[in-house]
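Let me begin by presenting the structure, written as structure tokens, before commenting on it.
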Amino acid sequence: MSTTNAGPGAGILGWLTTVDHKRIAVMYFVTAFLFLLVAGFEGQLLRLQLAGPGRDFLDPDLYNQLFTMHGTTMVFFAGMGLVAAFLNFVVPLQIGARDVAFPRLNALSFWVFLFGGLFLYASVPLRAMPDGGWFAYMPLTNAEYSPSLGMDFYLLSLLIAGVGSIAGGVNFLVTIVNMRAPGMTFMRMPLFSWMALIVAGLILLAFPPFTVGLIFMLFDRRFGTHFFDAAAGADPVLWQHLFWVFGHPEVYILILPAFGVVSDVIPAFSRKSLFGYPLVVFSGILIAFLGFGVWVHHMFSVGLGPVVNAVFGGATMLIAIPTGIKIFNWIATMWGGQLRFRTAMLFAVGLVGTFTIGGLSGVMHSSPPTDLQQTDTYFVVAHFHYVLIGGTVFGFFSGFYHWFPKATGRMLHEGLGKAHFWLAFLALHVTFFPMHFAGLLGMPRRTFTYPEGLGLDVFNLISTIGAFIFTLSFVPLAWNLWRTWRRGEAAGHNPWDAATLEWTTSSPPPHYNFAVIPSVDRRDPLWHPYLERDVRRAEEGDAGGVLPRRQPDVPPEPVHMPNPSYWPLVLALGLLLMTIGGLGSLGLVLFGLAVTLGAMFGWAFEPPFGAEPG
């Protein structure tokens, strides 16, 4: 039997030192899902406060804190964590690689992401939660108007978590460009991997401006600088530019992976290749390009002038075209296909419908006069929840049900999965569709209460009922996971008869992913029989030319994988200590810097691979 070095270790130490992309994906997913539950609970508290007029369930300060924590957690920790989880698990398998390009950097990305989230929530027991909204507009978040530590927790947690996001972007960009299987040209890559490549580029371009803005905010709050101080000749609107030039591409960082999931799931459950593959690829690239030219539609109310408003309003209208291309291509793929409405397919179709609704309300905001009436109202709240829940969350649930058998080797129960979908689908519309009407009636965002007689009572009550249905939808999911863990049916290597390379490996995949690196000469390699040439090469022992429907059980030669390492964790701990010291302890900052530099030194001299197996 062939041997491999640096296999996954057992126990907690094995998880703490792992550099295996699949284990890191599991840690990302569990962490992000917990953040999703916490942020959902915060949203439930907000809905309880707004269930009726004049309620005092929450006081104004606590409401603002929960509002800020809910948005910040959903976008930066639940959403980004789910993106990282799916990219980590799926991309190396789909492109025929044994791991990512930089496994230890991958582990560091997770640990700084985790520590960033934990640091943000350290503000809860200290009763110092941020209260400036997840967008943290200056000057309301400077030291004069927000003297508590709340906004320091906000900016420092996002600074450390941003290190992980940028490192992940570098990692996946290099992985996809350099580590694709032989024969897998860019126009043969699965759509999820294509969207991952685009997202990696978006991260590298979008996060630096936001990081600069956070550093400016830190200096204004802690060192008395005046980057956003109008009295000193600066411009507070600069923060909005730095935030939204990141914030709108961030929407596509969250939604494009979900589009990639749907672009793989719909063909698999339609038994039909994706209609218009090149158009779907180039529409994703166009969305990313145009995404950097629409940020001012978040700022139409600040008075930038008619020319600026016209340019960015036109760009916002234009970006609807590549999005519409994707939707029509998904529908065309299903048309005439052999449809199988399993749970993954239901969530994918649900995304197509709900994201279309969110997209239509988004196009409305491309008109500056219309946007001026709707901005900072519940109409906008309804819009972005249709996009982020109906798009991102539904897409990732589709991917969860699609790739769960591959990750665990067990099948989830379809009946419970469909109950989860229908409850979530109902809850989405009951919760957020009435918010359109509340917003049109003038209900502002961030209001912690409202008087009677404004026509808002019924809409808010319905939305609160829908929010509790959303909570209820997680019950069949939890039951499904428990049932599958106890007595789940074995999945086999390809239970869906899907077409991409990850389904050639065992379920779950081995540590090294592929016993033999596959070669590819077509877009859907598992949906084509062996070519005569491939059979002949296989008979001659040329395994490199075979397009296998399933990988061999045993590698024909030893496979050498990167060693586990504790240096990523130590380096992340050093960064965490520096972050904690940023609250006011220079000594802790220096100590954290020493730990960080020591970890970097140890990392640099640690052999990435072990000795040849004996």
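The values are calculated or read from the model by the stated rules, or taken from the named source; none is laboratory data. As the structure is a computational prediction, the values presented were derived from the model and not from experiment. Backbone-built Cβ (ideal geometry, glycine too); neighbour counts: all protein chains shown.
Key figures
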| item | result |
| --- | --- |
| Residue ID - nearest to the chain's Cα centre (by Cα), chosen from residues in the stretch 182-227 that are part of a loop (DSSP other than H, G, I, E, B) and more than 22 Å from Val280 (Cα to Cα) | Pro182 |
| Pair list, Cβ under 8 Å, 6 or more apart: the stretch 165-179 residue within 21 Å of Val75 (Cα to Cα), other residue among the aromatic types (Phe, Trp, Tyr) and in a helix (DSSP H, G or I) | Ser165/Phe113; Ser165/Phe207; Ile166/Phe207; Gly169/Phe207 |
| Selection status of Leu456, at pLDDT 90 or above and either surrounded by fewer than 20 Cβ atoms within 10 Å (Cβ to Cβ) or at positive phi (or both) | no |
| Among the residues listed as Ala604, Ala599, the single one being of a type in the set (A, V, I, L, M), in contact with a helix residue (DSSP H, G or I) (Cβ under 6 Å, 6 or more places away or on another chain) and either more than 27 Å from Leu155 (Cβ to Cβ) or crowded, with 21+ Cβ neighbours inside 10 Å (or both) | Ala599 |
| Pro444 being under 19 Å from Gln44 (Cα atoms), modelled with pLDDT under 95 and not aliphatic (A, V, I, L, M) | yes |
| Index of the failed condition, Asn309 passing every other in (1) part of a loop (DSSP other than H, G, I, E, B); (2) farther than 30 Å from Leu346 by Cα; (3) polar (S, T, N, Q) | (1) |
| Out of Phe186, Phe192, Phe216, sole residue that is touching an Asp or Glu at 6+ places or on another chain (Cβ under 9 Å), among the aromatic types (Phe, Trp, Tyr) and either closer than 30 Å to Lys272 by Cβ or surrounded by fewer than 23 Cβ atoms within 10 Å (Cβ to Cβ) (or both) | Phe192 |
| Filter result for the condition that a residue is over 21 Å from the mean Cα position of the chain (by Cα) and of a type in the set (Ser, Thr, Tyr), over Ser263, Ser283, Ser301 | Ser301 |
| Test: Ser270 is buried (at least 24 other Cβ atoms within 10 Å of the Cβ) and in contact (Cβ under 8 Å) with a residue 60 or more places away in the chain | no |
| Of all residues making up the stretch 286-304, the number that are of a type in the set (Val, Ile, Thr), part of a helix (DSSP H, G or I) and touching a Phe, Trp or Tyr at 6+ places or on another chain (Cβ under 7 Å) | 2 |
| Qualifying residue in the stretch 152-159 (condition: part of a loop (DSSP other than H, G, I, E, B) and either of a type in the set (D, E, K, R) or at pLDDT 95 or above (or both)) | no |
| Test: residue in the stretch 584-592 that is in a loop (DSSP other than H, G, I, E, B), at pLDDT below 95 and touching a helix residue (DSSP H, G or I) at 6+ places or on another chain (Cβ under 7 Å) | no |
| Residue selected from the stretch 332-365 under the condition of a type in the set (S, T, N, Q) and over 26 Å from Leu423 (Cβ atoms), by the criterion modelled with the highest pLDDT | Thr333 |
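Conditions (1) of a type in the set (Lys, Arg); (2) under 30 Å from Gly574 (Cα atoms), marked per residue:
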{"residue": "Thr18", "(1), (2)": "no, yes"}
{"residue": "Glu42", "(1), (2)": "no, no"}
{"residue": "Arg47", "(1), (2)": "yes, no"}
{"residue": "Gly54", "(1), (2)": "no, no"}
{"residue": "Gln65", "(1), (2)": "no, yes"}
{"residue": "Leu87", "(1), (2)": "no, yes"}
{"residue": "Pro92", "(1), (2)": "no, yes"}
{"residue": "Arg104", "(1), (2)": "yes, yes"}
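A quick yes/no check of all residues on (1) more than 30 Å from Arg446 (Cα to Cα); (2) surrounded by 21 or more Cβ atoms within 10 Å (Cβ to Cβ); (3) touching an Asp or Glu at 6+ places or on another chain (Cβ under 8 Å); (4) among the small types (Gly, Ala, Ser):
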| residue | (1), (2), (3), (4) |
| --- | --- |
| Phe328 | yes, no, no, no |
| Phe341 | yes, no, no, no |
| Phe396 | no, yes, no, no |
| His402 | yes, yes, yes, no |
| Lys406 | yes, yes, yes, no |
| Ala419 | yes, no, no, yes |
